[in-house]
Amino acid sequence: MAQALRDYAQQDPERFAVGDSVSSLDRRALNDRVNRVIAAVRDWGVSPGEPIAIMAANCTDFIVISCAAHLGGTPLVPVNWHFSADEAAYLIGDAGAKLLFAGPAEMDVAVAAAEKAQCPQVIQIGETLDGLLKTSSADEPDDGLPFASPIFYTSGTTGRPKATRLSQTPTNVPVADAIIRLKQNAQLSGLDESVVHLVQGPMYHAGPLHNGTTTALLGGEVHVMRRFDAEDVLRQIDAHKVTHTMMVPTMFVRIDRLPGDVKRKYDVASLKQVPHIAAPMPQDVKRRMIDWWGPVLTDAYGASEIGVVTRISSEEWLERPGSVGKPIADFTIQIVDDDDRELPPGEVGMIYMTSLTDVDLEYLGASEKTAQAHRGEKQFTLGDMGWLDEEGYLYLADRRVDLIISGGSNIYPAEVETTLLAHPAVEDVAVFGIPNDEWGQAVKAAIQLRDGFKPSSDLEAGIVDWAQEKMARYKAPRSIDFHDQLPRYSNGKLHRRVLRDAYWQ
């Protein structure tokens, strides 16, 4: 079997393939540019199996580099462009990336991160990359190269990110075989040559990158939004007759809030499937979106570590509001209590899943974390609580105990707390999520001040500003409550739920 992009380039070379508001590529140009990136990465001393990283806002070349990483056998490490140099350096260094691609706006932070991580090369996307690719080979790569799955980082309760691979993407098998498997896996999401896919979420997240790249590899059209804008989403859907896109609940909330006359300006009838991921969506918002867009919304439960485990259609959800669906064909689900007993329908416990294929949960280089997530050889958990109804539909009772999901991004309190404890006014701190209509959750910090400091609005603003300088802004607390003393158990462990539940009740 020939390499996928070459096949599509030969069949219909001038058909649109990938583009954003600044640049676009037809099928022939996409194939040529991907080949040149693969050759250039080799010329720069990166061998198959050695990771490369990217730290950039959404753009056409993000898809190009992702395709080249897959087909060239070099695992791609997406780095959140909001990260500070220290945060980015940890991911780049832990992965052992030999090369870092960076957007123009990210170059200063990228260069500093690469130096800290001892990553030898940083290539700027844009004119610099264009110039370098002019002298690289456009020859087709060997179909026998190992297909490389990207490496994503998911934080743990220690606050230190752990590496994992997206199980829906084959890895370390020949490219020709991987494309066959990719087509089979993509059928579940309806991704094929006919798809017109709109990428609107940041591609440092697994969902947007996986769906955008897979669509490109399978010959569909990919339209990339550099940043989310509610009205522009409708404009893009109308202009390009978009069939598929992926959103997080915050995006739906913003689109739902648009004035009626703005909504009526755009035709969204082309939409066929719009999965929403990362967090629960307000039920009233989801009902209105289904009334407007039709029964095209799907919900799912899963994670970057293992892919999709359950799925539910709009029709099913309207009958069972709040459910995240039944397990797909590749999984079964068990609900287990604290005594390791499997529970009957209707009872809440830890959600364990069993793969009926070769999917397993593994955190690369973190065997202890991997072992803790397993119950026996094949059962594993993401740490979420929930229950099954009599028909086998899953409902989530609580997300991972301490995890904050804000605007679709995971924020782990331990990391934020570690940062805040370095502030000269902070004696003790607890970080947790509180309800927010737009973001789903907002980051709240409860702080016990050191002697000599008194609570004030100026001090609150100062600590927030300080935190925003030390970490990605979306991780920093949006507000602070001051306490005389924080609740802790006799063993010293923080009793976070006492603080959090006051807001959720």
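The values are calculated or read from the model by the stated rules, or taken from the named source; none is laboratory data. Just so you know, these numbers come straight off a predicted model, no measurement behind them. Here the Cβ positions follow ideal geometry from the backbone for every residue, glycine too, while neighbour counts run over all protein chains shown.
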Fill in the blank from the handout: Here the residues within segment 219-232 that are touching a strand residue (DSSP E or B) at 6+ places or on another chain (Cβ under 7 Å) and not in a loop (DSSP other than H, G, I, E, B) are GLU221, VAL222, HIS223, VAL224
Exercise for the section: Please identify the pairs in which a residue from segment 100-115 that is more than 18 Å from ILE151 (Cα to Cα) has its Cβ atom under 9 Å from the Cβ atom of a residue that is of a type in the set (S, T, N, Q) and assigned to a helix (DSSP H, G or I), counting only partners at least 6 apart or on another chain. Expected result: PRO104/THR128
Exercise for the section: Return yes when THR250 is assigned to a helix (DSSP H, G or I), crowded, with 16+ Cβ neighbours inside 10 Å, outside the structural domain of PRO48 (by TED's automatic domain parsing) and modelled with pLDDT under 95 and no when it is not. Expected result: yes
Handout entry: Filter result for the condition that a residue is closer than 28 Å to ALA467 by Cβ and either in contact (Cβ under 8 Å) with a residue 24 or more places away in the chain or not in a helix (DSSP H, G or I) (or both), over ASP143, ASP139, ASP94
Key = ASP94
Practice task
Those residues that are farther than 22 Å from TRP81 by Cβ and β-branched (Val, Ile, Thr), I need them from segment 35-66; list them, please.
Solution key: ILE38
Fill in the blank from the handout: Only one of (1) part of a loop (DSSP other than H, G, I, E, B); (2) over 29 Å from MET281 (Cβ atoms) does not apply to VAL359, and that is (2)
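Yes/no matrix, rows are residues, columns are (1) in contact with a strand residue (DSSP E or B) (Cβ under 9 Å, 6 or more places away or on another chain); (2) at pLDDT 90 or above:
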site: GLU342; (1), (2): yes, yes
site: SER355; (1), (2): yes, no
site: HIS374; (1), (2): yes, no
site: GLU377; (1), (2): no, no
Exercise for the section: Go through the residues of segment 152-171 one by one and say whether even a single one is modelled with pLDDT under 90, buried (at least 16 other Cβ atoms within 10 Å of the Cβ) and over 22 Å from the mean Cα position of the chain (by Cα). Expected result: no
Problem - Residue ID - modelled with the lowest pLDDT, chosen from residues in segment 411-440 that are crowded, with 21+ Cβ neighbours inside 10 Å and under 27 Å from GLN283 (Cα atoms) - result: TYR412
Handout entry: Pairs with Cβ under 6 Å, 6+ apart, first in segment 369-390 and small (Gly, Ala, Ser), second in a strand (DSSP E or B)
Key = ALA373/PHE380; ALA373/THR381; GLY386/ILE351; GLY386/LEU394; GLY386/TYR395; GLY386/LEU396; GLY386/ALA397
